[in-house]
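Notes for the one structure printed next.
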Amino acid sequence: MASSKKERQEKLAAKRAAKRSERNAVRGAVTGYLSGASEDVDLPAGSPPPTKGKKGKTYPTGAMAPSGTAAPPKGGPIPLTPAGTCRYEIPTSARPFMRVPGLVIADERLLEGLRNDPALEQVANVAALPGIVGRSLAMPDCHWGYGFPVGGVAATRLSDGVVSPGGIGFDINCGVRLLVSPLIEADLEKRKDRLADALSRAIPSGIGVRDGLPIDRRDLERVLAEGVHWAVERGYGRPEDLAAIESTGRIPGANPDAVSRRAMDRGLNQLGTLGSGNHFFEVQVVDEIYDGEAARAMGLELGRVCVFVHSGSRGLGHQVCQDYLELMAEAMRRYSINLPDRQLACAPINSPEGQRYLGAMNAAANFAFSNRQGLTHRARQAFASVFGTDELEIVYDVAHNIAKSEEYVVDGHRERVLVHRKGATRAFPSGNLEIPERYQGVGQPVLIPGDMGRYSFVAVGTDQAMAETFGSICHGAGRRLSRSAAKKELRGVDLVDELARRGILVRSPSPGALAEEASLAYKDVATVVDVCERAGIARKVARLRPRVVVKG
Amino acid sequence: MTATGLPPAPRRRRSSGYRHFAHTADVGLTAWGPTLDAAFAAAVRGLVAVTYNVQRVRPRAERAVVVKGDEPARLLVGLLGEALFLEETEGFLATRADVARASDGLEARLRGEPFDPAHHARVGPEVKAITYHQISVDPGPPARVRVILDI
C-alpha cells in the first residue's frame, strides 16, 4: 500500500463510523445466495427489500448498455436454414460482419430452446473473427457464454488468424477422465458406503481449506511445463497412464513464464482438488453398451465399475484467462481488430500477445491434466483402502475447453488451423494418428458427462466430424434451469436422501447447494448425444450410471 | 425494472447491501450504497456470500489491497478479483470493506477472517472469475453496481 497506516486510518475513519451503524443493523439469517440472495444493511426490520419482486429474474442480454459488452442485437432474429439431418445453417448474410456461415447441430426440439438464447447471436459474432475458416459451429448442448457460446467451435488459420481466450473459457482444459476398475457392480454394492466415505475424505473440493497435493513453486513450474509426466515421476501415477491421456498429458509449447505470479499463487494449493459447480467425481457402472467392439477396446462391459472425473485447471487456469482477457482487450486496439462483442478479445496467433497466451494456456492445460492425475492418485488410494486393489486404469482423458493446432481439409486443401473448443470435445475417428494405438481401430473415446441422477456417455468420433466440425462433438447436457430456479423447485426436498433411495450415494461438503446440480437443473444428456449420432458426427459406445457421487 | 435494467433503487439513501440474481449457469451480483465506495464494499461481501455464509464471519483480521486503473468497471473487477484471490489462496473471507477511491485507482481494507470449517458454513459453489459481461457501475447517488460471476 502506498500510504502509511496512519494516513489510511484517517482517510477511512469517517467511512468506518458510518459502517459501524450498518453493521449493527444487519438483520435476518442469510443462508446463501440461493435462499434469498440478499442483505439489506440498515433498513428497519420489516421493510421490504429494495429489489422485491426481482428475485431470480435474469436480466436480458443488452437490456442496458453497460460498459464492456455488446450492444443489443441489431438486425432481428438470426435466420436458420435447414442444412441436412440435425443441421441448421446461419448464412453469412445474417449479419454484416460474418466472414463465414454458422452451423448449428441440433434437432427441432433443441433448436426451440435455442431460439430465445443469445447463443445464436454469439455463433454469428464468432464468425467475425479474423482468419476463421469453415463455419462457426454450435454443438447440440450449445448455450450462452461469455463472448463465445458454450458448445462453440471455431477454427482460425495459423498463418493469419487470431486466438481468442474467450473461445477457450475461464476453465482452461476443463475436461473429463474415465477410469475402469477390475470390479463389477456386485463388488461395489457390498462396500458402497465405505467407498463413498473413503472417497469423500480422499477427494477434496479445494475450497476454503488447503488440501492440494504438497508442491512448491518449483514443482508447479514443472507441472506447467511437463504435465502428467511430472506427476508420474513424482509417484502420482504410472508410466502406462501417459498413453491414455490426450497429448500424453503434456501439451507441447507450454510456457510457464507466461503464467502470472498471481495465477501460480492460486494454483499452488489446488493440485489434485475437484472444485465445485458442475465438476464431479463419480463411481459409475456401465449399464448399456451400444458398440461392442469399441467398448471392448476401452475395457468397458456391462456391470463394470468405472470412475468418471470432471474437473479443470482450478484457480490457476481461471486467472490465466482473466489476465489475458485484459491483455488482449488492449492488443485488439493495437492490431485494429474490430469485433461485434468486446468479450471476443483476441490477438493474431503470430503476435507476441497471441504466442504468450498460447504458452500460458498450454501450461494451464498441463496443470489441468495433472490435476485430474492427482485426483486419480487419490482415488486409487481410496479404492485400495476399501477393496485392496488400486487398479484403476485410465480409459481416456480429454479436454473440452482448449485450443489446439490441427490440420484439416479446408476448401479443398490441407490447412493448419487453431481449433477453439469451448464446451466441445475433440472426437477423432479411427485411423487418426493423434490417438492412442489401442483406439486406432475404433476411434478416440469421447467422454460426455451427464447429471448426477441419470447417466454419462462414452462415444467415438467419425470421419463426418473431421469433415464438418473440426473433429468435435458435444461436451455435456447443458443447463435447463438457473441455479436459483433449481434450488427453488427443490425446496424442501432432501436430494441426498432421495438419491440414496435410488442407490446413488452423494457426498458433499455443502449438501445445501446440491439442488443446483440436480437432474432437473440439466437437459437430458441422452438427447444431446443422440443428436450428435443422428448428425453422423459421433457414435455412442456406452452409457454409465452413477452409484457414488462426490461433489465439491 | 427501471429504465437502466437494474432493480429499483433502495428507498433510503444511507442503505447499503447486495443481491444475487440468476444468470444462466452463473450468478449475477448487484450491490448498492450511498456512495460508490460503499457499493463496492457491499459487492465484496456479496462475492464471498456466493460461497460462504457471511453472517458467521467475524471481521477480526484485515488485508490491505490496492487496485490501479481509472475505469470504474475495471476497479470493481480488480477489487473483487483481490477478494477472490485472498479467499482462494489464504481462505480469507472478506465480508467487510473500507474502500477509498483515488484518481489512479483505489485502496481498500478488507476485513474478515480465515475460513474455519468448524465455524463457517459453505453455502454454494466457488466463484471462478469476475467477468465484464453486462457490468455496470452507476455512481448514483445512491450508487449501484452490477457484475456477473463465473461459476
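Values computed for the structure shown
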read-out: Cα gyration tensor shape of segment A:320-471, rounded if a/c is under 1.5, else prolate or oblate by comparing a/b with b/c; value: oblate
read-out: For q = 0.12, 0.14, 0.22 Å⁻¹, Debye-computed log10 I/I(0) when each Cα of segment A:72-130 counts as one equal scatterer; value: -0.25, -0.34, -0.83
read-out: Charge dipole (debye, nearest 20) of segment A:361-473; +1 at Cβ of Lys and Arg, -1 at Cβ of Asp and Glu; value: 360 debye
read-out: For segment A:71-204, diffusion coefficient by Stokes-Einstein and Kirkwood Rh (Cα), 25 °C, 0.890 mPa s, µm²/s; value: 141 µm²/s
read-out: Over chain A, relative contact order from alpha-carbon pairs under 8 Å, at least 6 apart, %; value: 19 percent
read-out: Whole-percent pair-distance distribution, where bins are 10 Å wide, for the alpha carbons of chain B; value: 12, 45, 36, 8, 0
read-out: Segment A:431-552: C-alpha gyration tensor shape, a/c 1.5 cut-off, then a/b vs b/c; value: prolate
read-out: Cβ charges +1 (Lys, Arg) and -1 (Asp, Glu), total dipole of segment A:122-276, debye; value: 240 debye
read-out: Ranked list, fewest to most other Cβ atoms within 10 Å of each Cβ, for A:Leu271, A:Leu302, A:Leu158, B:Leu29; value: A:Leu302, A:Leu158, A:Leu271, B:Leu29
read-out: Virtual spin-label span in nm between B:Arg56 and A:Asp463, 7 Å along Cα→Cβ; value: 6.0 nm
read-out: Antiparallel %, DSSP beta bridges [both residues in the protein assembly as shown], to 5; value: 95 percent
read-out: For segment B:46-53, Karplus couplings with θ = phi - 60° (6.51, -1.76, 1.60), whole Hz, Gly/Pro x; value: x, 5, 5, 5, 4, 9, 10, 7
read-out: Residues in segment A:497-535 reached by a label modelled at A:Gln381 [backbone nitrogen below 20 Å; 7 Å Cα→Cβ]; value: A:507-509
read-out: Among B:Leu79, B:Trp32, B:Pro114 - extreme Cα towards positive end, dipole of chain B, charges at beta-carbon; value: B:Trp32
read-out: Dipole of chain A [Lys/Arg +1, Asp/Glu -1 at C-beta], most positive-end residue of A:Asn125, A:Ala379, A:Pro546; value: A:Asn125
read-out: Ascending count of other beta-carbon atoms within 10 Å, so fewest first, for A:Met361, A:Met466, A:Met139, A:Met328; value: A:Met466, A:Met328, A:Met361, A:Met139
read-out: Tilt relative to chain B, helix B:72-90 - C-alpha long axis, 0 to 90 degrees, to 10; value: 10 degrees
read-out: Convex hull per residue volume in Å³, alpha carbons only, for segment B:62-140; value: 113 Å³
read-out: Ranked list, fewest to most other Cβ atoms within 10 Å of each Cβ, for B:Glu88, B:Glu82, A:Glu326; value: A:Glu326, B:Glu82, B:Glu88
read-out: Prolate/oblate/rounded label for chain A (Cα gyration tensor, a/c 1.5); value: rounded
read-out: Over segment A:502-552: Rg over Rh, Cα atoms, Kirkwood Rh; value: 1.09
read-out: Sites matching chymotrypsin sites (Phe, Trp or Tyr not before Pro) across segment A:91-161 that sit in DSSP coil, with at most 14 neighbouring C-beta atoms within 10 Å; value: A:Phe97
read-out: Cβ-placed point charges (K, R +1; D, E -1), dipole of chain A about Cα centre in debye, nearest 20; value: 2140 debye
read-out: Segment B:63-151, relative contact order in percent, only Cα pairs under 8 angstrom and at least six apart counted; value: 27 percent
read-out: Charge dipole of segment A:468-552 about the Cα centre (unit charges at C-beta), most positive-ward option of A:Cys532, A:Ile504, A:Ser482; value: A:Ile504
read-out: Centre separation in Å (Cα based) which lies between segment A:210-231 and segment A:112-156; value: 34 Å
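Values in this text are rule-based calculations from the coordinates and carry no lab data. Predicted, not measured: the structure shown is a model, and the values here were computed from it. Note that each Cβ is placed from the backbone with ideal geometry, even for glycine, and that neighbours are counted across all protein chains shown.
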